[in-house]
Amino acid sequence: MALYNGFSTYNRVRKFRVTDFELVKQNLFNHFRIRKGEKLFNPEFGTIIWSVIFEPFNNELHDAIVDDVKRIVRYDPRVSVENVFITEQSYGLSIEMEVTYIPENQTETIALSFDKTNLTVALGKF
């Protein structure tokens, strides 16, 4: 029996129900799709990445993005983040994070690609 149940239409054809770690990953993905300050009545929700994606990528920006990723993952008590790796790409940023789903002690690497040409984010898995 699933601990957590939810619904998602992202990349789904017929099965829209998601549970447990899949639901948590979808929630994290949704959090990264929101620019920090965009959510009504919750200006701390969202990521800074959309505000800095066109800035020159240096060590200071790298550290700020790592801190932001860790803050977002800590927002959800069902998961913890172990490592965060950021790579600058010609089209934007690629972020890989090792996330542990606490109820089952399951760790996975989750990849996000932030595309500055289309202002989109894609969820992947390595």
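Points worth noting:
- Between the listed residues ILE48, ILE95, VAL24, the Cα displaced farthest toward the positive end of the dipole of the range 5-125, a dipole computed from Cβ unit charges relative to the Cα centre, is found at VAL24.
- Long-range amide H partners of ILE34 with built H, under 5 Å: THR47
- Placing +1 on each Lys and Arg Cβ and -1 on each Asp and Glu Cβ, with no other charges, gives the range 5-125 a dipole about its Cα centre of roughly 720 debye.
- Rounded to whole Hz, the Karplus (6.51, -1.76, 1.60) HN-Hα couplings of the range 30-36, x for glycine and proline: 4, 5, 6, 7, 9, 5, 4
- Taking amide H as placed 1.01 Å from N in the peptide plane, the amide H of VAL79 sits under 5 Å from that of ILE102, each at least 5 places away or on another chain.
- Solvent-free Debye scattering, log10 I(q)/I(0), computed from the Cα coordinates of the range 5-125 at q = 0.17 Å⁻¹: -0.89
- Compared with the alpha-carbon gap, the fully stretched path from THR87 to ASP63 is longer by 7.4 nm at 0.36 nm per residue.
- Percentage, to the nearest whole number, of Cα pairs in the range 55-122 over 20 Å apart: 31 percent
All of the numbers you see were taken from the coordinates with simple rules; none came from a lab. What you see is a predicted model, and the numbers here were worked out from it, not measured in a lab. Quick reminder, even Gly has a Cβ in these numbers, built from the backbone with ideal geometry, and neighbours come from all protein chains shown.
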